Amino acid sequence: MKLYGIKSCDSCRKARQFLEKNGIACEWHDLREDGIEVAVVQTWLNAVGADTLINRRSTTWRGLSELERVEAMSAIGAAAFLVDHPTLIKRPVIDLGDDLLVGFDATVQERLLGARP
């Protein structure tokens, strides 16, 4: 299991604490510090779609021009745009290998508990 997020993100901190508390091992990947490859983000977009992956409630999204928002949501430019602006990615992104979870609500928590070895 790989947990993608940003160190200062409250949801990511909660997810990491939840996983540790429940004895679920994961590899941490900081999107801001470690970066992310376009191919990985494209895989995420293919799996869950831009509507799920892009955080339109973020301050980064609100600061974008209309043209930038269109680019971020386009099938062609979205992956590269998200790599350049990782704070636009809804967090955390949890790669289970055979499944991809985005966010950290009760449904995600239940799924994670079911993913324990």
*Selection count, region 79-98, where residues are part of a loop (DSSP other than H, G, I, E, B) and surrounded by 11 or more Cβ atoms within 10 Å (Cβ to Cβ)*: 5
*asked:* I'd like to know if region 62-78 contains one or more residues that are among the polar types (S, T, N, Q) and either modelled with pLDDT of 95 or more or not in a loop (DSSP other than H, G, I, E, B) (or both).
replied: no
*Which residues, taken from region 53-81, are of a type in the set (S, T, N, Q) and more than 19 Å from GLN42 (Cβ to Cβ)?*
SER58, THR59, THR60, SER65
_Just the residues that are among the charged types (D, E, K, R), under 12 Å from the mean Cα position of the chain (by Cα) and outside any strand (DSSP E or B), please, taken from region 1-50._
ARG32
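The values are calculated or read from the model by the stated rules, or taken from the named source; none is laboratory data. Because the structure is predicted, anything quoted here is derived from the model rather than measured. Note that each Cβ is placed from the backbone with ideal geometry, even for glycine, and that neighbours are counted across all protein chains shown.
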